[in-house]
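Working notes, beginning with the structure itself.
Rule-based calculations on the coordinates, nothing more; no lab input. What you see is a predicted model; the values in this text were computed from it and never measured. Positions of Cβ are generated from backbone atoms using ideal geometry, with glycine treated the same way; all protein chains shown enter the neighbour counts.
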Amino acid sequence: MRFLFYQKEVPLTFAAVLIILLCIAFVTTALCVLLAKQLIWAVSAIGLGSAVIALAFFLFEARYAAAFELSVGAGLVSVLFIIGTSLVRKAER
C-alpha cells in the first residue's frame, strides 16, 4: 500500500487491518444512528459504537480508557437512554 506523501512501501499488518475495520464499524454505527427510523435502534447503535471505540482503546493499549468507555459509554449511557425511551413511550400513550 502506498501513500501519496510516503514513497516507501508500507506493510499492512494485522493491527493496521484491525484499525481499518474498527473505523469502518464505527462509521457504520454512526450512520445507523443517523438513519434509524426507530429510537430504540438508534440507542442500540450508540451502544455498539461505544463498544467499537472501547475495542480501539484496547488495541492502542489504553486499558483504563477502554474499560471506562465500555462500562460508561456502552453500558450506563445505553441503559439510561433505553429507560428514557421506554418512559417517553409510556407517557405518549
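Stokes-Einstein diffusion for region 14-92 at 25 °C, viscosity 0.890 mPa s, with a Kirkwood radius from C-alpha pairs, works out to 185 µm²/s. If R0 equals 35 Å, the separation of the Cβ atoms of A36 and T13 corresponds to a calculated FRET efficiency of about 0.50.
Helical runs assigned H by DSSP (4 residues or longer) give the chain a calculated mean residue ellipticity at 222 nm of -23000 deg cm²/dmol, each run adding -39500 (n - 2.57) before division by the residue total.
Sorted by packing (mean other beta-carbon atoms within 10 Å per residue), highest first, where do 13-23, 44-54 land?
Details: 13-23: 11.4, 44-54: 20.3.
In decreasing order of mean packing, 13-23, 44-54 become 44-54, 13-23.
Here the label points at F60 and K90, each 7 Å from Cα along the C-beta direction, are separated by 4.0 nm in the simple model.
Against the chain, whose longest principal axis comes from its Cα atoms, helix 14-35 is set at around 30 degrees.
Under the criterion of Cα pairs below 8 Å and six or more residues apart, the relative contact order for the chain equals 22 percent.
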